[in-house]
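Below: the structure, in structure tokens.
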Amino acid sequence: MSKDGKWRSFPKVPHLLQYVISGNYFGKVKINGRKVRKSLKTSVWSTAQLRLNDFLKEERENRSRVDPPKFSAAVDWFKQELANDTTIKSRSKEYRLLCLQKIQTTWPELWLLRLDGITAQACKEWAAKLNEQIASHYFNNTIGTLRQIIDVGLEAHKKAGGTAFANPAAELKHVRVRQKELQLPEPSHFKGLVENIRTGSGAWGGRVADLVEFLAAPSSSKFRAEGSGMYV
């Protein structure tokens, strides 16, 4: 019996306690220096012993469980890997960081979530809004960056002994990149452009104007592919 008379312990069942006032039983265990006490929701001795075994099994499993890292930690690892990757050009690295910045400005709450707290549905809702805000090529690279960051975090989680699970951003789809329409000047406008170059570019004006006319001529953009019979 405890000093205050409220708790009864049982030497032959060391992890079992009874709250004297209500008669209910509790399981107790010490996990990594932390004391855990949980109600077994019964005042029957035999039922308490059965539920105590389940309680101990659950707590032992929790002791060995490794929580997934937060997204913010995955971002730090991603940045480190990106900085150390010698196969990627500096401009490409800068572009990835730009995509990362876009993720942060459009989904700042993500930094506080653990990887298992990020759902596929939340990723899809974010992506749908993002697609309306930025160009298709930028969008594709941004969702690709999100997938890479989570992959880095999942790999670290696996190495730490954590349970593997799917990347919630894996279902995000790339959008078709729309090509810009090439708007060529009308013949009259083109002639005016050439004359402006010829008269307004100093000593080199005539040569530059002649070059522009040559490149714009239909015959200059064709050459016969040897042996193919095709024009390109």
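The values are calculated or read from the model by the stated rules, or taken from the named source; none is laboratory data. It should be emphasised that the depicted structure is a prediction, and the values quoted were computed from it without experimental measurement. Don't worry about glycine lacking a Cβ; one is built from the backbone with ideal geometry, like all the others, and counts go over all protein chains shown.
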Open item on the list: For the stretch 10-51, which positions are of a type in the set (S, T, N, Q) and within 43 Å of the chain's Cα centre (by Cα)?
Closed with: ASN32, SER39
Task: Of all residues making up the stretch 114-143, the number that are within 18 Å of ASP76 (Cα to Cα) and under 11 Å from the mean Cα position of the chain (by Cα) - done: 4
TODO: Out of GLY162, GLY153, report the one residue that is touching a Pro at 6+ places or on another chain (Cβ under 9 Å), within 21 Å of LEU110 (Cβ to Cβ), crowded, with 17+ Cβ neighbours inside 10 Å and at pLDDT 95 or above.
DONE: GLY153
Open item on the list: Just checking: which of the strands (runs of 3 or more DSSP E) contained wholly in the stretch 12-74 hold 2 or more residues that are surrounded by 16 or more Cβ atoms within 10 Å (Cβ to Cβ) and in contact with a Ser or Thr (Cβ under 9 Å, 6 or more places away or on another chain)?
Closed with: 13-19, 25-31
TODO: Within the stretch 82-109, track down each residue that is among the hydroxyl-bearing types (Ser, Thr, Tyr) and touching a Leu at 6+ places or on another chain (Cβ under 6 Å).
DONE: THR106
